[in-house]
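Let me begin by presenting the structure, written as structure tokens, before commenting on it.
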Amino acid sequence: MKVILYKRVSTDEQADKGFSLKFQDDFLRNYCKTHNYKILGDYVDDASGKDFNRPAYGKLKEWLEKNKGSVDMILFTRWDRFGRNIEFCLTEKRILLEFGVHVNAVQQWVDHHKDDNNIVMLSLHLAIGENDRKTIISRTTAGSNEARRQGWYCGKAPYGYENIRDRNGKSTLKIVEDKAAFVRQAFEEVALGVDSVEAIFKKLRKEGLGITKQTFYRMFHNPTYCGRIHVTAHLDKPETVVEGKHEGIVSVQTFLKAQANKVENRWKGIVPKREDANFPLRNYLKCPHCKKNLTGSPSKGRNKSYFYYHCRNGCPTRVSVEVAHELFDKLLKSIEVKKELHDVLVETIESTILQLEGDSKKELRDLKYSVKRTLEQMEKLDQQLLNSHIPPDRFNRLSDALEKKLREAEFKIHELETRKSPSREKMDKVLWIMSNLSVVYKNADYKGKRKFLQALFPEKIILDKDKCRTTNLNEVLALVASISASFEQKKSGTNLKNSDKYRFVLEAGLEPARPKRAQDFKSGVSTNSTTRACLEQCLPPDSYRDPPLEHQLIRQISLVVFLLLA
């Protein structure tokens with residue numbers, strides 16, 4: 001009899017001597033030698049038995065199609081080596097019979113020439129294999145889920161990491177710095193909220209980022225990058241996010257801000273396919289009729305070409321670039337900070353910095369003492385458990401509470417130690433820019449103008465025949481512009497600091513209501529609300545507030561300076 005040997009082992013079965021490839025090979029060859037079977041081929045698969053989409057088995061079938069009638073039987077040790085799905089196995093057996101080839105397991109032989117009970121026995125062997133597979137899946141899933149709940153990472157490492165095992169053989173992650181640098185830059189830029197996610201992706205791809213756009217977008221929903229692990233619900237255990245044993249590439253705050261900005265995805269598709277200095281406002285202007293983006297194109301006259309912004313949808317909107325740019329210039333001048341307000345703003349910012357910093361040194365000392373006390377309490381708790389003075393369930397509860405307290409204190413210490421106040425020189429530079437928006441815009445090149453628009457206007461600009469208007473301005477710039485407008489309305493001799501408007505500015509300006517993206521951190525913009533809620537629990541209660549004013553006000557206003565002068 002002419003036979004082909006088929007051996008299969010999956011990754012989970014390789015250590016089992018009853019399933020090992022060497023065991024299968026020795027057993028099959030000895031069987032063929034005993035029965036004087038001629039071996040025509042030998043095929044080996046390292047794949048799951050859930051279906052027949054296996055590399056070696058595919059080659060085996062191709063050979064059979066080309067050499068019909070050359071083989072009598074395919075031999076394997078057990079029926080679960082053939083497959084672990086009873087329906088697929090019976091179907092495949094029927095297909096092979098059409099080639100004139102029988103299949104059989106030497107350890108679980110089924111005599112196909114006898115009608116009595118052979119179908120029952122075959123079905124029983126295949127059913128046992130399928131049941132074993134489900135048991136293996138259940139056991140593997142439970143083990144993996146439990147490992148993840150303990151902070152160990154199971155699965156392929158995401159971009160920026162590599163899979164490693166610690167000294168105890170536990171699976172975790174290690175940062176690959178040359179790749180992690182791209183990940184860190186991506187999160188920081190998306191969290192900043194100036195450039196679109198797509199624009200950031202294209203820029204990083206040119207610099208060497210090695211992932212697809214789809215993977216890049218999914219990256220901002222993967223808590224692995226902030227040192228946490230997402231764990232799916234299993235049996236009676238709920239879905240959660242736990243602190244991982246690996247080091248995060250970015251902080252939890254940066255992760256959440258980037259995730260919120262990615263979901264909002266402002267300015268998607270604003271980058272024109274080609275640069276044209278004649279139309280710096282193209283795709284930033286919106287039609288007043290249909291609210292779609294305006295494009296720009298030249299119109300050839302008798303002696304020269306004329307340039308217009310116009311609607312793509314057949315609306316009557318058609319404005320020459322000269323008129324559109326003049327109207328936009330008026331809009332910029334209307335929101336410029338009046339020079340008379342310069343000293344008042346600087347004084348207000350400086351006083352607020354002192355107010356917010358307050359007794360930060362004392363707070364830092366108190367926090368460090370709190371960390372010391374917490375560590376001592378954790379040590380005493382460990383000793384009580386060792387001496388059996390406390391039950392394990394109570395130990396776990398108290399230990400979790402102390403660890404959370406320690407984490408909150410360490411986070412606050414890091415925040416206080418890394419906080420820096422802006423210099424007077426930087427504030428002067430920023431306020432000069434805000435007092436000369438029109439001049440700065442005119443002197444910028446094409447790319448500078450485009451970034452200027454991104455930083456200044458969270459929403460696009462509606463172009464009417466007689467004016468440019470926008471429904472939403474940069475929050476800080478809008479605030480300062482309103483102060484500046486009120487300053488003009490004051491009668492001579494009026495003390496600005498005593499005005500109702502100025503008191504309003506101190507209340508809502510220097511401690512502003514959180515902007516939309518900051519509110520999103522609590523409002524569930526994430527596609528995975530459970531993940532977000534779990535991440536929020538990893539941080540102190542006030543960690544989602546906006547950055548301290550000295551950072552928020554100066555940073556947001558400084559965007560224009562940084563983007564134009566970088």
Extreme residue, farthest from residue 63 (Cα to Cα), among residues of region 94-122 that are modelled with pLDDT under 85 and open to solvent by less than 70 Å² (accessible area, probe 1.4 Å)
118
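Residue under question is residue 69, and the condition is that it be outside any loop (DSSP other than H, G, I, E, B) and more than 15 Å from residue 129 (Cα to Cα); does it hold? Walk me through how you get there before you give the answer.
On the way: outside any loop (DSSP other than H, G, I, E, B): no; more than 15 Å from residue 129 (Cα to Cα): yes.
In short, no.
Conditions tested, residue by residue: (1) of a type outside the set (Lys, Arg); (2) touching a Pro at 6+ places or on another chain (Cβ under 8 Å); (3) within 15 Å of residue 441 (Cα to Cα); (4) surrounded by 15 or more Cβ atoms within 10 Å (Cβ to Cβ).
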| site | (1), (2), (3), (4) |
| --- | --- |
| 287 | yes, no, no, yes |
| 298 | yes, no, no, no |
| 302 | no, no, no, no |
| 335 | yes, no, yes, yes |
| 342 | yes, no, no, yes |
Kindly indicate whether any position in region 73-87 is open to solvent by 40 Å² or more (accessible area, probe 1.4 Å) and free of Cβ contacts under 8 Å to residues at least 40 places away in the same chain.
yes
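Out of 61, 2, 66, I need the residue that is in contact (Cβ under 8 Å) with a residue 60 or more places away in the chain, of a type in the set (D, E, K, R) and surrounded by fewer than 20 Cβ atoms within 10 Å (Cβ to Cβ). Which one? So that I can check it myself, show each step before the final result.
Details: 61 fails: in contact (Cβ under 8 Å) with a residue 60 or more places away in the chain; 66 fails: in contact (Cβ under 8 Å) with a residue 60 or more places away in the chain.
Just a single option satisfies the conditions, and that option is 2.
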Based on this model, can you work out whether residue 74 counts as in a helix (DSSP H, G or I) and β-branched (Val, Ile, Thr)?
no
Which listed residue, of 198, 130, is in contact with a helix residue (DSSP H, G or I) (Cβ under 6 Å, 6 or more places away or on another chain), surrounded by 15 or more Cβ atoms within 10 Å (Cβ to Cβ) and not in a loop (DSSP other than H, G, I, E, B)
130
Could you tell me whether any residue of region 146-157 is more than 23 Å from residue 235 (Cα to Cα) and either modelled with pLDDT under 90 or in contact with a strand residue (DSSP E or B) (Cβ under 8 Å, 6 or more places away or on another chain) (or both)?
yes
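Do we find that residue 33 is within 22 Å of residue 101 (Cβ to Cβ), surrounded by fewer than 15 Cβ atoms within 10 Å (Cβ to Cβ) and at pLDDT 90 or above in this structure?
Numbers: within 22 Å of residue 101 (Cβ to Cβ): yes; surrounded by fewer than 15 Cβ atoms within 10 Å (Cβ to Cβ): yes; at pLDDT 90 or above: yes.
Here the answer is yes, as residue 33 does meet what is asked.
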Only one of 232, 212, 224 is hydroxyl-bearing (Ser, Thr, Tyr), at negative phi and either open to solvent by less than 70 Å² (accessible area, probe 1.4 Å) or at pLDDT 95 or above (or both). Can you tell me which?
224
Of all residues in region 442-481, which are at pLDDT below 75, in a helix (DSSP H, G or I) and open to solvent by 20 Å² or more (accessible area, probe 1.4 Å)?
475, 478, 479
With the requirement that a residue be touching a Ser or Thr at 6+ places or on another chain (Cβ under 8 Å), touching a residue at least 60 places away in the same chain (Cβ under 8 Å) and not in a loop (DSSP other than H, G, I, E, B), what does region 144-164 give you?
145, 149, 161
Hey, residue 207 in contact (Cβ under 8 Å) with a residue 60 or more places away in the chain and surrounded by fewer than 18 Cβ atoms within 10 Å (Cβ to Cβ) or not:
no
Just need a number here: residues in region 165-180 that are within 15 Å of residue 225 (Cα to Cα) and touching a residue at least 12 places away in the same chain (Cβ under 8 Å).
7
Identify, by number, the condition in (1) open to solvent by less than 60 Å² (accessible area, probe 1.4 Å); (2) under 15 Å from residue 149 (Cβ atoms); (3) of a type outside the set (Ser, Thr, Tyr) that residue 237 doesn't meet.
(1)
Can you find even one residue in region 181-195 that is open to solvent by 20 Å² or more (accessible area, probe 1.4 Å), assigned to a loop (DSSP other than H, G, I, E, B), within 25 Å of residue 165 (Cβ to Cβ) and touching a residue at least 40 places away in the same chain (Cβ under 8 Å)?
no
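Take residue 374 and tell me if it is outside any loop (DSSP other than H, G, I, E, B), modelled with pLDDT under 85, open to solvent by less than 70 Å² (accessible area, probe 1.4 Å) and β-branched (Val, Ile, Thr). If you could, list the steps in order and put the result at the bottom.
Working: outside any loop (DSSP other than H, G, I, E, B): yes; modelled with pLDDT under 85: no; open to solvent by less than 70 Å² (accessible area, probe 1.4 Å): yes; β-branched (Val, Ile, Thr): yes.
No, not satisfied.
Collect the residues in region 160-170 that are open to solvent by less than 40 Å² (accessible area, probe 1.4 Å) and either within 13 Å of the chain's Cα centre (by Cα) or at pLDDT 90 or above (or both), keeping them in residue-number order. Steps first, please.
Step one: list which residues in region 160-170 are open to solvent by less than 40 Å² (accessible area, probe 1.4 Å), which gives 160-161, 169.
If the condition is that a residue be open to solvent by less than 40 Å² (accessible area, probe 1.4 Å) and either within 13 Å of the chain's Cα centre (by Cα) or at pLDDT 90 or above (or both), then 160, 161 are the ones that fit.
The values are calculated or read from the model by the stated rules, or taken from the named source; none is laboratory data. Being a predicted model, the structure only gives us computed values, none of them experimental. Note that each Cβ is placed from the backbone with ideal geometry, even for glycine, and that neighbours are counted across all protein chains shown. Protein only, heavy atoms only, side chains kept; ligands, DNA and RNA dropped before computing areas. Shrake-Rupley method; radii C 1.70, N 1.55, O 1.52, S 1.80 Å.
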